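Here is the structure we will look at.
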Amino acid sequence: MKVVLFYELRRVNCPYCGVRAELVPWAEPGSRFTRDFEDQIAYLAQRSDQTTVAKTMLTSWATVGDVVQRVIARARTEDLLDDLAFIGIDELSYRRHHEYVTVVVDHVKQRVVWAAPGKNAATLDGFFDALGVKRTKKLQGITVDMSAAYTQAVTNLAPHATIIYDRFHVQRLVQDALDEVRRSQMRVLDGEARTAIKSTRYSLLKNYWNLSAIDVEHLAKVQRSHRPLYRAYLLKAVFAEILGRSEEGQVRQKLEEWQTASPRWRIVAFAPTIGDATHYRSTWRTGASTTAPDQIERLRQGFGVEHVVVCFNLGLVMSGGRP
């Protein structure tokens, strides 16, 4: 049911700021809706797409975005950039991976604190501009993916902070090295030897607890007939097992042992990864990840892509900083 509220606003001609309408307790300045109505739109925007919200509330698509921004300004009661010590930086995609948003996460409070369109160094400069020099100096550790743009921006603007590579991306390097060994074997082998490893890619990349009976059979064939590839698989499996541990001292020790043993196996594709693991070992923090809370992904999918950053902010303020 549509409800229309009529009220005649009194207007004042101020000699300093011109004509102004009186403030009313149920609406924001410049808004044609009550605060309760706007809160309802914001609530629905967290849980549905923008078009559906507009149809449900009998308003326009653009109005939903405007209302959400007013709710954000009204609901935010704290500066989310205060007291940051350990943060994570990551990007999320929308429009079928054609557009990106850079997201900054507070690891201590487990919440998203900043988001902006783009995924380059200039985008991240905006975060550090908002943070300011004084608060930037309080940063102790920053988890990032292995993006050169993010790493360079952090190095330039927060050189005192420890850069911590995200586990997912470091482990991905090992998986890529393993796949390079497999592809190199495919290029030099032929006949039955080549056929034996042709369909093993996913079996080799899986974690051991996810292996099916067919995967186990594939790995057994690799073990019997392709020793270099099987050695590469073992290096990958051991590396993943080490990173799965929760005790930081053990992780550092086992990574050091892994690095010492790896060159003896003479697998060229793993050489760059061994160097990256050195940095990862020295900056390891249990649970450190660049990944934003899962709720962010749901918000991104449910809200209009034109207001994807507004969507993130809405999630922050409507629940005390956590979407």
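Below are the figures for this structure:
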item	result
Tally, over the stretch 151-188, of residues that are free of Cβ contacts under 8 Å to residues at least 12 places away in the same chain and of a type in the set (A, V, I, L, M, F, W, C)	1
Boolean, Ile164 is touching a Gly at 6+ places or on another chain (Cβ under 9 Å), at pLDDT 85 or above and crowded, with 19+ Cβ neighbours inside 10 Å	no
Test: residue in the stretch 219-229 that is among the hydroxyl-bearing types (Ser, Thr, Tyr), part of a loop (DSSP other than H, G, I, E, B), more than 24 Å from His169 (Cβ to Cβ) and assigned by TED's automatic domain parsing to the domain that holds Ala177	no
Top-ranked residue of the stretch 241-252 - restricted to ones that are in contact with a Lys or Arg (Cβ under 9 Å, 6 or more places away or on another chain) and farther than 21 Å from Gln175 by Cβ, ranked as surrounded by the most Cβ atoms within 10 Å (Cβ to Cβ)	Arg252
Residues that are surrounded by 17 or more Cβ atoms within 10 Å (Cβ to Cβ) and either part of a helix (DSSP H, G or I) or not hydrophobic (A, V, I, L, M, F, W, C) (or both), drawn from the stretch 142-161	Thr143, Asp145, Ser147, Ala149, Tyr150, Thr151, Ala153, Val154, Leu157
Test: residue in the stretch 257-268 that is crowded, with 19+ Cβ neighbours inside 10 Å and either modelled with pLDDT of 80 or more or not in a helix (DSSP H, G or I) (or both)	yes
Selection from the stretch 1-31 of residues that are in contact with a helix residue (DSSP H, G or I) (Cβ under 9 Å, 6 or more places away or on another chain) and surrounded by 12 or more Cβ atoms within 10 Å (Cβ to Cβ)	Trp26, Ala27, Glu28, Ser31
Residue list for the stretch 96-124, filter: in a helix (DSSP H, G or I) and surrounded by 15 or more Cβ atoms within 10 Å (Cβ to Cβ)	Ala121, Thr123, Leu124
The listed residue being in contact with a Phe, Trp or Tyr (Cβ under 6 Å, 6 or more places away or on another chain) and modelled with pLDDT of 80 or more, out of Val222, Val181, Val216, Val251	Val222
Residue in the stretch 158-165 that is within 30 Å of Arg35 (Cβ to Cβ) and among the β-branched types (Val, Ile, Thr) present	no
Residues that are modelled with pLDDT under 90, in contact with a helix residue (DSSP H, G or I) (Cβ under 9 Å, 6 or more places away or on another chain) and of a type in the set (Asp, Glu), drawn from the stretch 102-161	Asp145
In the stretch 42-77, the residues that are outside any helix (DSSP H, G or I) and closer than 21 Å to Lys2 by Cβ	Ser48, Met57, Leu58, Thr59, Ser60
Check on Val133, of a type in the set (A, V, I, L, M), more than 14 Å from Ile163 (Cβ to Cβ) and part of a helix (DSSP H, G or I)	yes
Answer residue from the stretch 195-218, given it is of a type in the set (Lys, Arg) and in a helix (DSSP H, G or I) and is nearest to Ala177 (Cα to Cα) among those	Arg201
Number of positions in the stretch 188-207 that are modelled with pLDDT under 85 and closer than 24 Å to Arg172 by Cα	4
Unique residue being in the same structural domain as Arg227 (by TED's automatic domain parsing), surrounded by fewer than 16 Cβ atoms within 10 Å (Cβ to Cβ) and closer than 18 Å to Glu91 by Cβ when the list is Arg183, Arg194, Arg172	Arg172
Failed item in (1) in a strand (DSSP E or B); (2) touching a residue at least 12 places away in the same chain (Cβ under 8 Å), with Ser93 passing the rest	(2)
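The values are calculated or read from the model by the stated rules, or taken from the named source; none is laboratory data. None of these values were measured; they are calculated from a predicted model. All Cβ positions, even for glycine, are placed from backbone atoms using ideal geometry, and neighbour counts span all protein chains on display.
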